[in-house]
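Data first, discussion second: the structure below is written as structure tokens.
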Amino acid sequence: MKSWLLGLFLLTNTDLYTTHSVVEGLESMQNYDYTKYHPMDEIYRWMEDVERANPELISSAVYGYTYEGRNITLLKLGLNDTAGSEKKVIWMDCGIHAREWIAPAFCQWFVKEIVNSYKTNKKLGQMLQNLDIYVTPVINVDGYIFTWANNSTRLWRKSRSLPPPDSTCYGVDLNRNFKANWGTIGVSFDSCENTYCGKSAGSEPEAQAVMDFVGTMVNQTLCFLTIHSAGQLILLPYGHPEISAPNYNELVSVGQAAAVEMKKVHGMNYTVGTSPQILCKTYIHSLKLNFNFLQPILKSYCRLLHPHLSPSDPNSGSSRDWARLIGIPFSYTFELRDKGEFGHLLPEDHIQPACEEAYVGALSIITYVHDKAFKNGAVTTVKHFTLASGFTMTIWSTIVAVFVTTGFMV
């Protein structure tokens, strides 16, 4: 009898503890300010709170460690599939470049929106029964913490790994360190440069952690989304000008549909395409010249302005290209606000509108890939978009757009 009473007492108090933990998590989530930038310790606590508050939806996992030994942690969002069929995977990461604070802010916003709407949004609930969405708010934890040190470190981009033996410059551009044509295009082998690609592909533990974890579930992964800033772009594979994705037209179409939805929110335009194609196109458009016959001339002029630039100046070793190269059918880089006024110093009053438009864009892509994989949903119809000819000329123009007009590096 006493053992029965003890068991009942323990069971009751366990339930009370679980309920109390959920309530605490909910209160903490409600008090969290999603319109502010947060240092890493606050983001870690937020991840714990959002998991505690939503145990039926969210779990967490540490899937790697940074160079300085910090946890790289993800949140998995998904509901139990009552049918018992294999779930598919959506990957989303933020904060691979330390100074791009709007990216981690968006990952947090994305989770918050899913949590607040999945119970009332029937379509979203259905997708979460079929999908697990893995969200990493900050990959480059060391670099992100470094940007919070003082004003002089705010625009740090790379990781914080030690310099090579012949250098005093720290860090590697993690988005040049993936095993996708590594070291061939748009990188530097000078460790003092922002695009330093490391000593070898996957040399950095942060990049290797993503490749190891995502690589184990490549056959289940439908879409890979990596969030950056700035420039208001939706970039698709490949950064290498001589490689084209086999589903290129569909990638552009789905990206264009997302851009349309994003514009509906606050009127902001997002340009879609591969980086060699669209960055010079953006530059030419900024000249406000509407004479079509001038376009090929301007593209050639981009190269003449900088004769040292060659087709090797787009980029290689990006996580987006790696994801498509290993077989994940849909892979995109979101470059969030803005187009140059603030760059990587986007004010906090831009966080909410930037995240609102990015959320509908991401959800548009996720919905499309879900409906394509699960025939019980209505497949989104999108119009195919074909870029104009003159591809090689456009490639040569890429760096003009990046360095002459905005200074942005994807």
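Given the pairs 112/158; 263/339; 36/88; 179/263, which span a C-alpha to C-alpha distance of over 22 angstrom in this model?
Where the Cα-Cα span goes over 22 Å, the pairs concerned are 112/158; 36/88; 179/263.
When we measure straight from the Cα of residue 372, which aspartates and glutamates land under 15 angstrom away, once same-chain ones fewer than 8 places off are left out?
List returned: 250.
Sequence-distant or interchain residues sharing an amide H contact under 5 Å with residue 229, placed H: which?
It is 336, by chain and number.
Under 9 Å from the Cβ of residue 99, count the other residues' Cβ atoms, weight Lys and Arg +1, Asp and Glu -1, and hand me the total.
Taking every Cβ under 9 Å from that of residue 99, the sum is +1.
Consider a paramagnetic label point 7 Å from the Cα of residue 36 along Cα→Cβ; state which residues of region 92-131 have an amide N under 20 Å from it.
Output list for this probe position: 100-113.
Using modelled backbone amide H atoms (1.01 Å from N, in-plane), which distant-in-sequence or interchain residues come within less than 5 Å of residue 272's amide H?
234
Quick check on packing: order 49-57, 172-180 by the mean number of other C-beta atoms within 10 Å, highest mean leading.
So the peptides 49-57, 172-180, ranked by packing, come out 172-180, 49-57.
Values quoted throughout were computed directly from the atomic coordinates according to the rules given, and no laboratory measurement underlies them. This is a predicted model, so every value here is computed, not measured. Every residue, glycine as well, gets a Cβ built from its backbone with ideal geometry; the counts of neighbours run over all protein chains shown.
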